[in-house]
Structure formats: structure tokens, C-alpha cells
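The values are calculated or read from the model by the stated rules, or taken from the named source; none is laboratory data. Small disclaimer: the values here were computed from a predicted structure and weren't measured. When we count neighbours, we look across all protein chains shown, and the Cβ atoms used for this are built from the backbone with ideal geometry, even at glycine.
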């Protein structure tokens, strides 16, 4: 029994994690530009906005897993079956064009694929929303759908 409402508990879980993950994004960007001389040709604010959108996709996926699974061990084991295929079909390790056609199609359902396309476009090519709008819409769709499902499942679990 707690005097906190469902929204307060949910925000207490989301906000600190979002700040930590955005710190990770900034740390990775700093290391990439300073240590590896990665060029940054695009808009920094657009990069931050779209990275925060992807962070919320990741957080909502984590909340959804936590509400579906019964224990922390189940969440960890289930995440292996989600994270590894997401990484493999994202285009980060191997080009999407070299994948079989079925996996190329399935990779469209992978939010990491869209985020990597966005990051490559902003950092390396310096493009904006006029080129990346389709990937941004896909990422926004994932964020809305996953966050809605996660919040609904979390509130029903608290009730």
C-alpha cells in the first residue's frame, strides 16, 4: 500500500532511466567523435530528440517485459530472445541488403533498424527530417504503441 498513484510510480521508473540512457547516448557520441574521429554533420538537437524517442521505445519494451514475466530471471532470459534478433536484423552488424528477403521485411518491424538509419543519416550524412521522416514516423509509431501497451499492462498489474 502506497499513497502514490499509478502515474507517479510509472514516472519514477521512467524518468531516471531516461536520463541515464540519454547520458549513455551522449557518452557514446563523445567517444565516437573524440576517440574515433567520427564526423557529426547533422543537427545536434534533432539527434537528441530522436535518440530520446528511441530511449522511450527501449524503456517501454523493458516495462512490457517486466509486466509480462513473473521474475527478474524470466525478464533477463526473455530479453535474450528479443535483443539478439533485434541487433542481428538492425543493419548495425551486417547490411540489411545482404539478408534474405524475409528477414529484410521483418527488419521493418525492428525499431533499432530505424534508429540506426536515423543516426547514420544525421551523423554521417548530415540529413534532416526531410530525408528521415519515414524512419522517424516508424520510430514514433513504435514508441506510441509500446508505451501504450506497457502503461496499460503496468497499471493493470498495480490494480
task: Report whether or not residue 106 is surrounded by fewer than 16 Cβ atoms within 10 Å (Cβ to Cβ), at pLDDT below 95, out of contact with any helix residue (DSSP H, G or I) (no Cβ under 8 Å at 6 or more places or on another chain) and closer than 24 Å to residue 30 by Cβ.
output: no
message: Of the conditions (1) surrounded by fewer than 17 Cβ atoms within 10 Å (Cβ to Cβ); (2) within 20 Å of residue 18 (Cα to Cα); (3) at pLDDT 90 or above, residue 125 satisfies every one except a single condition; which number is it?
response: (2)
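Look through 63, 87 and report the one residue that is in contact with a helix residue (DSSP H, G or I) (Cβ under 8 Å, 6 or more places away or on another chain) and closer than 23 Å to residue 12 by Cα.
63
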statement: Residue hits (region 33-50; free of Cβ contacts under 8 Å to residues at least 60 places away in the same chain and in a helix (DSSP H, G or I)) are 33, 34, 44, 45, 48, 49
